1. Going through L299, L259, L269 one at a time, which residue ends up being crowded, with 18+ Cβ neighbours inside 10 Å, aliphatic (A, V, I, L, M) and part of a loop (DSSP other than H, G, I, E, B)?
2. Of all residues in the stretch 500-513, which are surrounded by 12 or more Cβ atoms within 10 Å (Cβ to Cβ), out of contact with any Leu (no Cβ under 6 Å at 6 or more places or on another chain) and not in a strand (DSSP E or B)?
3. Is there a residue in the stretch 229-243 that is at negative phi, part of a helix (DSSP H, G or I), surrounded by 15 or more Cβ atoms within 10 Å (Cβ to Cβ) and in contact with a His (Cβ under 6 Å, 6 or more places away or on another chain)?
4. Name the single residue that is farthest from G540 (Cα to Cα) among those in the stretch 1-27 being buried (at least 18 other Cβ atoms within 10 Å of the Cβ) and not hydrophobic (A, V, I, L, M, F, W, C).
5. Among the residues of the stretch 64-77, count how many are over 16 Å from S90 (Cα atoms) and buried (at least 19 other Cβ atoms within 10 Å of the Cβ).
6. For R124, work out the one condition from (1) closer than 24 Å to S301 by Cα; (2) of a type in the set (D, E, K, R); (3) modelled with pLDDT of 95 or more it doesn't fulfil.
7. Do we find a residue being free of Cβ contacts under 8 Å to residues at least 40 places away in the same chain, of a type in the set (V, I, T) and surrounded by fewer than 21 Cβ atoms within 10 Å (Cβ to Cβ) anywhere in the stretch 83-90?
Amino acid sequence: MQKRIILSAVLLLGLSLRLYGINFGLPYTYHADEPIIVNHAMAYGTGDLNPYFFAIPPLVSYILFIMYGACFLIGRALHIFNSPENFAISFLRDPTLFYLIARVFFGAILGSATIAAVYLLGKRLYSEKAGLLSALFFAVAFVHVQNSHYVYVDIAMVFFIVLTCLAVLGIVRTGSMKSYIVCGIFAGLATAAKYNASMVFIVVFFAHLYGNKPRGMRKIALAFCAMCATFIICNPYSILDIRNFIDGIVTQAGTASGLGLLYHLRYSLVEGLGLFLVFFGIAGILHSVIKKRKVDLILLSFPIIFYISLGFASQPHERYILPLVPFLSLYAAIFICENIKNIKLAVLLVVLIILPNLGRSIYSDYLFTQDDTRTIARRWIEENIKVGSRIAMEHSFFCPRLNQIKEQVEEKASTYDYADKIRRNRIDLAIGLAEEKKPYYFLFYLQDRPILNAKFMFESPQIGFSLSEIKNKGIGFVVLHTDAENAVRRGFLNTLENNATLVKEFSPYRDKGKKYSEDIIVQTGGPFLGRELFSRERNGYLIKIFKIKG
């Protein structure tokens, strides 16, 4: 009974950390990756289930589409929505509900479900105590808590990876056909969430080679077929639209680079989990390898190979280490339970592991509850700049969301390919709502190398970082953020400071003299580095609004 109470408390803590601040930014979307999932889920409502975008698999957006479909049916029964078009218009008017549904399910609920799965893995591998402790470490892990606030594929991927490892224990202990099939299904779901999770099949393979029962090739082949079949069922257009699928895979692979074996250790792991959790997690892994316990060697094949692969092909985003978090939590707990016999010392180590993660997670959640500088800047613009004014600003993920005047939306609509039904449908709805959304402005987007037909609606029309071009187009205001510096942009900022009037500035920092983020990657969501996180009083970036003279 006592253990159940402790487990319930751990799950409640993990859920609370993932729910607090989950409505950040809404109704505006500030995380660059979230619209990829949500917009595709809504777009499937046109009847075309081809995502036309395969850089990430569509499983999460398909599941979200089903959830939105259920919401529509409930809304229609309650006479809230009259038609699919009315449902889509409600999304364009205010996407808050749609993003909350996605964030709560794919972030908070699946994230908390993973805590329970980690507990079961620790319990079945070692003991109830190891299960509870590993669940506690995972529940407060900052990098997982923060990413559980976003609508993306990583949290779902980690959930299915842990379920695969749980199912692998069945192969090790019984070698039953059912265990192989279940492993294949979970590995297929993990891969259908994110491609690089396919490496989890190495655990199934090693379990087949080194399990306790005699092995043949038939069962492992069946597990692999189950994995492939699950992936295809979850991503049917990997076959039906194989050309775009291959192009998407190749394009996504081209974004990865060799960062070296130490990058994610020093940046993503230490900053995302704290030095103590990383240290004792690695110590637990080494201890288990030295002991040569068969089940440990089987399970550890995935995190070891996965981490090595990150050194040769990865992106610098911290979320790439999320599949390692359950294993570091698990083996840190195992190390303490097996090797630290002094109760006071064990408690001290647990506190040292928990406090840094808990502190960062709570403060990150607090920042999510505060108005973002982009929200505050939008509010000021709408209250102080005349409707219909011409405003130039940068990529809108870093700048305030403003409504664009109908003429510009219609002009952009004429440049898109009518064969793309998904985008065309959304543009038609946006045109219909353009006059309704007030106040609205003539918006121009600053780019180093302007292109005529930008990929996204909010990136066009584009103009260069040129004061003369801004004056020629009659633009009265320029909105800039201070991160993502380059020579062209820096020169343009200096020009504005000397030839325009700074009318307003919005800073997220307690120290108003601070201008730039210390994160290695400019984060469109919450800050990641500890010194960056605790230097803030809100999310967003330093935003400057200039009035053009004359």
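1. That would be L259, the only listed residue that is crowded, with 18+ Cβ neighbours inside 10 Å, aliphatic (A, V, I, L, M) and part of a loop (DSSP other than H, G, I, E, B).
2. P508
3. Checked against the condition, which is being at negative phi, part of a helix (DSSP H, G or I), surrounded by 15 or more Cβ atoms within 10 Å (Cβ to Cβ) and in contact with a His (Cβ under 6 Å, 6 or more places away or on another chain), the stretch 229-243 yields no hits at all.
4. The selected residue is G14.
5. Result for the stretch 64-77: 1.
6. (3)
7. First, the residues of the stretch 83-90 that are free of Cβ contacts under 8 Å to residues at least 40 places away in the same chain: 83-84, 86, 90.
Then drop every residue that is not of a type in the set (V, I, T), which leaves none.
No, there is no match, as no residue in the stretch 83-90 is free of Cβ contacts under 8 Å to residues at least 40 places away in the same chain, of a type in the set (V, I, T) and surrounded by fewer than 21 Cβ atoms within 10 Å (Cβ to Cβ).
The rows are residues; the columns are (1) farther than 22 Å from E383 by Cβ; (2) out of contact with any Pro (no Cβ under 6 Å at 6 or more places or on another chain); (3) at pLDDT below 85.
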{"residue": "F477", "(1), (2), (3)": "no, yes, no"}
{"residue": "A484", "(1), (2), (3)": "yes, yes, yes"}
{"residue": "A487", "(1), (2), (3)": "yes, yes, yes"}
{"residue": "F506", "(1), (2), (3)": "no, yes, no"}
{"residue": "S517", "(1), (2), (3)": "yes, yes, yes"}
{"residue": "L529", "(1), (2), (3)": "yes, yes, no"}
{"residue": "E532", "(1), (2), (3)": "yes, yes, no"}
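The values are calculated or read from the model by the stated rules, or taken from the named source; none is laboratory data. Since this is a predicted model, take the numbers as computed values, not measurements. Please note: Cβ atoms are built from the backbone with ideal geometry, for glycine as well, and neighbour counts cover all protein chains shown.
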